[in-house]
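Enquirer: Encoded as C-alpha cells, here's the structure I'll be asking about.
Each value in this text was obtained by applying a stated rule to the coordinates, not by laboratory testing. Quantities reported herein were computed from a predicted structural model and do not represent experimental measurements. Ideal geometry is used to build each Cβ from the backbone, glycine not excepted, and the neighbour counts take in all protein chains shown.
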Amino acid sequence: MRAWGFVAAAYGIVWGVILLYLYSLKRRYDQAAAELERLRSTEASAGHEEK
Amino acid sequence: MTLVRQAYLLLWKDVLLELRRRDSLLTMFFFGTLLLFVFHFSFDLAPEKIAEMAPALLWLAFLFTGTLGLAQLFQAERDNHCFDALLLSPLDRGALFLAKSGFNLVLMVLVEAVVIPLFWILFNLRSWNLLPQVFLVTLLGTIGFCVLGTLMSAITLRARARELLLPLVLFPLMIPVILATIRCMEEVLHAGHIGEAMPWLRLLLGFDVIFLTAGVLIFDWVIES
Amino acid sequence: MAKELRPVHETKGILGALALVAVAVGLYWSLVVAPPDAYQGEVQRIMYLHLPSILIAYLSYFLVFVGSGLYLWKREKRDDILAHAAAEIGVLFTALTIIEGSIWGRPTWGVWWTWDARLTLTAILLLIYVGYLMLRSLIEDEQRAATAAAVLGIIGFLDIPLIHMSVYWWRTLHQPPSILRPDKLPWENVHPSMLTALTISFVGFLLLYFYLLSVRYRVGEMRQEIKALRLERGAR
Amino acid sequence: MRVTVDRLAKAYGFLWALRELNLELTPGECIALLGPNGAGKTTLLKLLAGLITPTSGSIRFDGVNFARGAAALRARVGLLAPSDHLYENLTVRENLAFFTRLYDRNSAAAAIETALAHVSLAGRAGDYVANLSSGMKCRLSIAKWRLLQPELLLLDEPYGVLDGGGIDLLEHFLKQQCAEGSIVVIASHHVARVLGLCQRALVLSQGRLTFDEAKRQPWPSFDRAFGEFLPQGGS
C-alpha cells in the first residue's frame, strides 16, 4: 500500500502544478485581454477629443 | 579571405590594447593561482589522490578564470562608443566573433601555460613528461569554451546583472566540454596516452567545430547596436 | 510555425475540451484499468506521467529551436512569441519530469536523487531553459531580448545531443549499471492495457500541451497588440 | 550615390522618434538637418548609418535596400562623431591604421602622415588618443574620414568642440567631399553656420519632417518653418 502513496504524491503534485500553471495563465490572459479592451475603447474616444 | 584578414586585424588591435592595459590578463593570472592555493588548503589530499583530482581541479580553475576574461571581452568596445564604430564599418560580424574568441583563447592559453606547471609544482606531481598531452587536451577544451563563451558574452552584453547571468547560461551548455576534457586528462594521467578516451576527444573536436561554425554564421544576427 | 498555430488558438475551446476528456480517460486507464507492473508494482504507474512529460518537454524545446531560427531569419515577432511560450511550458514539463522521476526513484532505488544519466540530463535541460527565461527577463530592450533569446534557443538545442552523449558516456564509464536503470523498463512483457494507458496518457498530455501553448501564445500576442496600441496612442 | 528614404519610422518603446519620413538625397548635396532637441535628428542619422534598424520603412542606396548585413554598402557610409569612435589606448597613428585597414582603404604610412599633417596633428602621431583634447579628437576624426572617403557622410553636432582653425578645416573638408560627389548631412544647432555651408535645409519637429527646401537668399518660408525654434532675436 506504500507504493500507492508515491503514486498519489506523483499524480497529486503533477496535476496540482499544472492546475496552478493554468490558473496563472488564465490570470495573465484576463489581465492582457482587459488591458487591450481598455486601450481599444479609450483610443476611440481619445481620437475624438484630439481632433 | 576578408573574414580572416578582418579577424586578424581585430585580434591584433585587442592584443595591442591588452599589452598596454593588461587588465584582463593580470586579473586572470592572479585569480588562477589564487584558486590553486584555495584548492590546496581546502582538499588536503594524499599525493596519489591528487593525480586523480587534478583534471577536475584544473578545469574548475580554467572555467572560473575564463569567465572572468569573457566578462571583460567587449570592454574595449564599450568605451567611446567604439562598438558603433565597428558596426558602422564594413566589418564582417563573423570576423568579430573569430577575433573575440581568439583573443579570449590567447588570454586563457597564457594563463594555462602558467597554472598547469604551477599545479604540478604545488601538488608535487611527478608526471612532467605528460604535460604536452595535458596541454593539447586543455587547448581543445579551451577552444570550445572560448567559442561558446564569446557567443554567450555577446548576447548578455546588454543584460542587467550580466556578470551573474553569463556563467548561468554558459555553464550548463559547457557540460560536454567539461566532461570530455576531464575524462581525457584522467586517461592521459592514468594510462600515459589518450588511449581509451579517444571518443571523448572526438566529441570535444566535434563540439569545437559545431559551435565555431554556428558562431560565425549566427554572429551577424547576434550583434545589434 | 506560428502560422499553423493560428487556427489552433481560434478553436482552443474545443482543444481544451478534448484535452480534458483525454486526460480524464488517461487517468482512469493509468490508475484503474492497467495492471500493476510485475517487478515494480504500483509505482510503475508514475511512468504514465513521466514518459509523456519528458516527450512534451523535448517537443517544446524543438519548438523553441524552430521559433528562434525563424525569428532570426524573418524577424517576425510572432515567431519570438512562439519560442517564448514554448520555452516557458517546456521548463514546466521538465520540472515535472524531474519531480516524477524523483518520486519514482525513492521506492525503486531507495533514494530521491541519483546521478543517473537520464536524471542528470533532464536537470541540465532545466538549467539551460531556466537560463533562457532569465536572459529574456534581464534584457530591457524587447528587440534585443528577442534576438539574444533566439540565439540561446538555437545554441541550446544544438547542444542537447552533445550533452546527451557526454552524460551517458560519463555515467556508463563511472558507475556500473548495478541498480535498476529506468531504461530497463520491462518492455518485453508488457500487458497490452499498459501500452493503451501510456498511449492515451500521451495523447492527453499532447492535447493539453497544445492547449496551454495556444493560450500562452495568445497572451504574448495580446501583450504585443497592447504595445502596438500604446505606440499608436503615443504617436506625435 | 543616390539615397532614397521611404516612409521611414522608428519607435523606441512606446514613443515614436521618427514617423513617415520620405527623403531623396542626390550626389554632391550638402544638407543641413535642423530641429530642436528630441526632434529625431540623431535617430535619423543613426538610421542612415545603419546603426539601428527602422521599425518600418526603408532606406535605399542607388536602389539597393540598406538592410542589415550589407557590408559593401556600410563601407560607403560614414558617421563623424566629434570625439567618439576612437580607441583611447591606441595611438593616433594606430587608430588611423586600424580603421583604414578595416575599410580596406590606403593604409600606407605616407597616406596617414599626410592626412595627419592636413589636420595639424603630425606632431601627435605617437600619442595615445586618451591624451588628446576633444578638439584634437575631432580633428583626428576629420583625418579618419578623409582617408575612408565615404559617399554619404553624416555629422552629429560637429561644431561644439572645434576652435576657429578646426572649423575652417572641417568646412573645407566637407566642401571638398561635396565637390567630389559625396552627400554630406550635418545635424547641428549652429543654424547660421550650417546654413552658410549647405544648399538645402531639412527641419525635423517631433519626429516628422516639416520642411525640406533648397536654400534661397531671402528665405521667408524657412523663417516661418524654423523661426519658432530660434531664440529671441533669430539668426
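Enquirer: Please report the relative contact order for segment B:2-222, taking Cα pairs under 8 Å with a sequence separation of at least 6, and give it as a percent rounded to a whole number.
Expert: Once normalised by length, the contact order is 27 percent.
Enquirer: Sort C:221-229, B:111-119, C:77-85, D:75-83 by packing, meaning the average of other beta carbons within 10 Å per residue, with the highest value first.
Expert: C:77-85, D:75-83, B:111-119, C:221-229
Enquirer: From the phi angles alone, apply the Karplus equation (6.51, -1.76, 1.60; θ = phi - 60°) to segment C:71-76 and give each ³J(HN,Hα) in whole Hz, x where the residue is Gly or Pro.
Expert: Along segment C:71-76, the couplings run 5, 4, 6, 9, 6, 8 Hz.
Enquirer: Ranked highest first by average number of other Cβ atoms within 10 Å, how do B:44-55, D:210-221, B:20-31 line up?
Expert: Going from most to least packed, we get B:20-31, B:44-55, D:210-221.
Enquirer: Roughly speaking, what % of Cα-Cα pairs in the protein assembly as shown are separated by over 34 Å, rounded to a whole number?
Expert: Result: 59 percent of Cα pairs exceed 34 Å.
Enquirer: To the nearest Å, what is the center-to-center distance of segment B:95-151 and segment D:137-173, using C-alpha atoms only?
Expert: 45
Enquirer: Still on this structure, I have one more. For a Förster distance of 60 Å, can you work out the FRET efficiency between the beta-carbons of B:VAL209 and C:THR11, rounded to the nearest 0.05?
Expert: Efficiency computed from Cβ-Cβ geometry: 0.85.
Enquirer: If you don't mind, there's one more thing I want to ask. Count, for each residue of C:132-142, the Cβ atoms from other chains sitting within 10 Å of its Cβ, then give me the mean as a whole number.
Expert: Shielding by partners across C:132-142 averages 4.
Enquirer: Shielding of B:163-175 by partners, i.e. mean partner chain Cβ atoms within 10 Å per residue?
Expert: 5
Enquirer: So, one more: Taking chain B as the reference, fit the longest principal axis to its C-alpha atoms, fit the long axis of helix B:198-222 to the helix C-alpha atoms, and give the angle between the two in degrees, 0 to 90, nearest 10.
Expert: Roughly 20 degrees, rounded to the nearest 10.
Enquirer: Given N residues in chain C, what is Rg(Cα) / (2.2 N^0.38 Å)?
Expert: 1.15
Enquirer: Here is a follow-up. Taking amide H positions as placed in the peptide plane 1.01 Å from N, state which residues far from D:PHE211 in sequence (5 or more) or on other chains have amide H under 5 Å from it.
Expert: D:VAL203
Enquirer: For D:VAL64, project a label point 7 Å along Cα to C-beta. Then give me every residue of segment D:144-174 with its amide nitrogen under 18 Å of that point.
Expert: D:149-153
Enquirer: If you don't mind, another one. Using R₀ = 22 Å, calculate the FRET efficiency as 1/(1 + (r/R₀)^6) where r is the Cβ-Cβ separation of D:LEU15 and A:GLN31; round to 0.05.
Expert: Approximately 0.40, to the nearest 0.05.
Enquirer: Something else now. With angles folded into 0 to 90 degrees, how steeply does helix D:164-179 sit against the dominant principal axis of chain D? Use alpha carbons for both and round to 10.
Expert: 70
Enquirer: Can you work out ³J(HN,Hα) from phi for every residue in segment C:217-226, in order, using Karplus 6.51 cos²θ - 1.76 cosθ + 1.60 and θ = phi - 60°, giving whole Hz and x for Gly and Pro?
Expert: 5, 5, 4, x, 5, 5, 4, 5, 5, 4
Enquirer: Let me ask you something else. Around C:TYR61, what is the net charge, scoring Lys/Arg as +1 and Asp/Glu as -1 over all other residues with Cβ under 14 Å from its Cβ?
Expert: With Lys, Arg at +1 and Asp, Glu at -1, the neighbours total -2.
Enquirer: Can you give me the pair-distance distribution of segment B:11-105, C-alpha pairs, 5 Å bins, whole percents?
Expert: 3, 11, 18, 19, 14, 11, 9, 7, 5, 3, 2, 0
Enquirer: What net charge do the residues around D:ARG101 carry, taking every other residue with its C-beta under 13 Å from that of D:ARG101, with Lys and Arg at +1 and Asp and Glu at -1?
Expert: That works out to +3.
Enquirer: Another one. For the modelled label position 7 Å from the Cα of B:ARG5 along Cα-to-Cβ, which residues of segment D:83-101 have backbone nitrogen atoms closer than 17 Å?
Expert: Counting backbone N atoms under 17 Å from the label point, the list is D:97-101.
Enquirer: So how do D:96-106, A:22-32 stack up, highest first, on mean other-Cβ count within 10 Å?
Expert: The packing order, highest mean first, is D:96-106, A:22-32.
Enquirer: Oh, and also: Among D:HIS172, B:HIS81, rank each residue by its count of other Cβ atoms within 10 Å, from fewest to most, as a rough exposure measure.
Expert: Fewest-to-most ranking of D:HIS172, B:HIS81: D:HIS172, B:HIS81.
Enquirer: Would you mind checking which residues have amide H under 5 Å from D:TYR12's amide H? H placed 1.01 Å from N; only 5 or more apart, or other chain.
Expert: D:ALA17
Enquirer: Sticking with this structure for a sec: Of the residues B:PRO199, B:PRO90, B:PRO167, which exhibits the maximal mean-square fluctuation in a Gaussian network model of chain B defined by a 10 Å Cα contact cut-off?
Expert: B:PRO90
Enquirer: Whole-Hz Karplus ³J(HN,Hα) for segment C:136-142, in order, using 6.51 cos²θ - 1.76 cosθ + 1.60 and θ = phi - 60°, x for Gly and Pro?
Expert: 4, 6, 8, 9, 5, 5, 5
Enquirer: Let me ask something else. Which value at 222 nm does the protein assembly as shown reach when only helices count, each DSSP H run of 4 or more adding -39,500 (n - 2.57), with the total divided by all residues and rounded to the nearest 500 deg cm²/dmol?
Expert: Dividing the helical sum by the residues of the protein assembly as shown leaves -22500 deg cm²/dmol.
Enquirer: Give the separation of the Cα centroids, segment D:116-136 to segment C:38-79, in Å.
Expert: What the calculation gives is 60 Å, centre to centre.
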